[in-house]
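A.B. asks: A single structure is presented below for examination.
The values are calculated or read from the model by the stated rules, or taken from the named source; none is laboratory data. The structure presented is a predicted model; accordingly, all values stated were derived computationally and were not measured. Cβ sites come from the backbone with ideal geometry, for glycine too, and all protein chains shown count toward neighbours.
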Amino acid sequence: MSDYQQFIANVKRKTGIDLALYKEAQMKRRLTSLYEKKGFKNFDEFFRAMNHDQALYHEFLDRMTINVSEFFRNAKRWEVLEKKIIPKLLEKNKRLKVWSAACSTGEEPYTLAIILSKFMPLSQVSVLATDIDDNAMARAKLGIYMERSLQEVPEDVKKKFFVKEGSHYKIIDDIKRTVTFKKHNLLSDPFDTNFDLIVCRNVLIYFTEEAKHELYLKFNRALRSGGIFFVGSTEQIFNPTVYGFEVEDTFFYRKM
């Protein structure tokens, strides 16, 4: 086993992230430049140092993945969710069934859990979070984020739900426990049903019109009557009634 292959095995054991899923030449080059810059001679030295140096470990995580998501992304929309949508849903059902679809590195489902915790004890909060990317979900389960991911997070929320570790923030375990991560392909896997709220933001823009058409119908079927579908700020549905939705608020659609 080569030095790099052993490193891949060690990293997978430590983090759940499988570096073998990335293009080897590219990833190896990226990480070699990092360990050389830090004064290490090989991957073995680098991994042993990472086990003792949290800042180095965080730097490795950042070098390995590009994180484009944020907590409370487009904060005004999350405000509508908290002030208007969730109270209405709770009038019908005290235990909400919630799905964060295509959850990437976890900022969205953790944001949902934080908001839901304002309405009920954490023991009653449950969010299903799915994505097709194993590595993104492994990052999500670690719950370690750079400061830039938290730029929309109010200061009191930051203090209550995050622990600062050097230049990074770690989501508290009580919130982590409320989110269940599961691999799921939106295009080919079946959807669960009877959701009160489905959040799928900044993902559908990457699909063809045909795929979007099919997905809107699948999301509608996955909601209970009166359930809400929350999309991203570039993903307005122009003919919601075609898919069995009506507009509840900007970027929020209610199943008819």
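Residue-wise test of (1) surrounded by fewer than 14 Cβ atoms within 10 Å (Cβ to Cβ); (2) of a type in the set (Asp, Glu).
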{"residue": "LYS164", "(1), (2)": "yes, no"}
{"residue": "HIS168", "(1), (2)": "no, no"}
{"residue": "ILE172", "(1), (2)": "no, no"}
{"residue": "HIS184", "(1), (2)": "no, no"}
{"residue": "ILE198", "(1), (2)": "no, no"}
{"residue": "GLU209", "(1), (2)": "yes, yes"}
{"residue": "TYR216", "(1), (2)": "no, no"}
{"residue": "SER225", "(1), (2)": "yes, no"}
{"residue": "PHE229", "(1), (2)": "no, no"}
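A.B. asks: Filter the stretch 239-256 down to the residues that are within 11 Å of GLY226 (Cβ to Cβ), surrounded by fewer than 19 Cβ atoms within 10 Å (Cβ to Cβ) and either touching a residue at least 40 places away in the same chain (Cβ under 8 Å) or in contact with a Ser or Thr (Cβ under 9 Å, 6 or more places away or on another chain) (or both) and list them by number.
C.D. replies: Residue satisfying the conditions is MET256 alone.
A.B. asks: Ok, one more. Taking the condition in a helix (DSSP H, G or I), acidic (Asp, Glu) and in contact with a helix residue (DSSP H, G or I) (Cβ under 9 Å, 6 or more places away or on another chain), does GLU82 pass? Talk me through it step by step, then tell me what you get.
C.D. replies: Values: in a helix (DSSP H, G or I): yes; acidic (Asp, Glu): yes; in contact with a helix residue (DSSP H, G or I) (Cβ under 9 Å, 6 or more places away or on another chain): yes.
For GLU82, the condition - in a helix (DSSP H, G or I), acidic (Asp, Glu) and in contact with a helix residue (DSSP H, G or I) (Cβ under 9 Å, 6 or more places away or on another chain) - is met.
A.B. asks: Continuing with the same structure: Filter the stretch 89-106 for residues that are part of a helix (DSSP H, G or I) and either without any contact (Cβ under 8 Å) to a residue 40 or more places away in the chain or within 30 Å of THR15 (Cα to Cα) (or both) and give the result. Outline the logic, then answer.
C.D. replies: Keep residues of the stretch 89-106 that are part of a helix (DSSP H, G or I), which gives 89-92.
Correct list: LEU90, GLU91.
A.B. asks: Still on this model: From (1) at negative phi; (2) surrounded by 19 or more Cβ atoms within 10 Å (Cβ to Cβ); (3) out of contact with any helix residue (DSSP H, G or I) (no Cβ under 8 Å at 6 or more places or on another chain), pick out the condition that doesn't hold for SER126.
C.D. replies: (2)
A.B. asks: From LYS88, LYS23, LYS12, grab the single residue that is in the same structural domain as MET120 (by TED's automatic domain parsing), out of contact with any strand residue (DSSP E or B) (no Cβ under 6 Å at 6 or more places or on another chain) and basic (Lys, Arg). Talk me through it step by step, then tell me what you get.
C.D. replies: Values: LYS23 fails: in the same structural domain as MET120 (by TED's automatic domain parsing); LYS12 fails: in the same structural domain as MET120 (by TED's automatic domain parsing).
Selected residue: LYS88, the only one of LYS88, LYS23, LYS12 that is in the same structural domain as MET120 (by TED's automatic domain parsing), out of contact with any strand residue (DSSP E or B) (no Cβ under 6 Å at 6 or more places or on another chain) and basic (Lys, Arg).
A.B. asks: Among the residues of the stretch 176-200, write down those that are in contact with a helix residue (DSSP H, G or I) (Cβ under 7 Å, 6 or more places away or on another chain) and at pLDDT below 95.
C.D. replies: Within the stretch 176-200, LYS183, LEU186, LEU187 meet the criteria.
A.B. asks: Would you confirm whether or not the stretch 95-112 contains a residue that is among the acidic types (Asp, Glu) and more than 18 Å from VAL153 (Cβ to Cβ)? So that I can check it myself, show each step before the final result.
C.D. replies: Taking the stretch 95-112 as the starting set, the residues that turn out to be among the acidic types (Asp, Glu) are 107-108.
Remaining after also requiring more than 18 Å from VAL153 (Cβ to Cβ): none.
Within the stretch 95-112, not a single residue is among the acidic types (Asp, Glu) and more than 18 Å from VAL153 (Cβ to Cβ).
A.B. asks: Please determine whether any residue of the stretch 181-192 is farther than 29 Å from GLN124 by Cβ, in the same structural domain as LEU81 (by TED's automatic domain parsing) and without any contact (Cβ under 8 Å) to a residue 24 or more places away in the chain.
C.D. replies: Filtering the stretch 181-192 for residues farther than 29 Å from GLN124 by Cβ gives 185, 187-188.
If we keep only those that are in the same structural domain as LEU81 (by TED's automatic domain parsing) as well, we get 185, 187-188.
Next, only the ones that are without any contact (Cβ under 8 Å) to a residue 24 or more places away in the chain stay: 188.
The answer is yes; a qualifying residue exists.
A.B. asks: Residues in the stretch 33-75 that are touching an Asp or Glu at 6+ places or on another chain (Cβ under 8 Å), surrounded by fewer than 19 Cβ atoms within 10 Å (Cβ to Cβ), part of a helix (DSSP H, G or I) and of a type outside the set (Asp, Glu): how many?
C.D. replies: Number satisfying all stated conditions: 3.
A.B. asks: For the stretch 220-256, which residues satisfy the criterion of being under 23 Å from the mean Cα position of the chain (by Cα) and part of a loop (DSSP other than H, G, I, E, B)?
C.D. replies: GLY232, SER233, THR234, GLU235, GLN236, ILE237, THR250, PHE251 - these are the residues of the stretch 220-256 that are under 23 Å from the mean Cα position of the chain (by Cα) and part of a loop (DSSP other than H, G, I, E, B).
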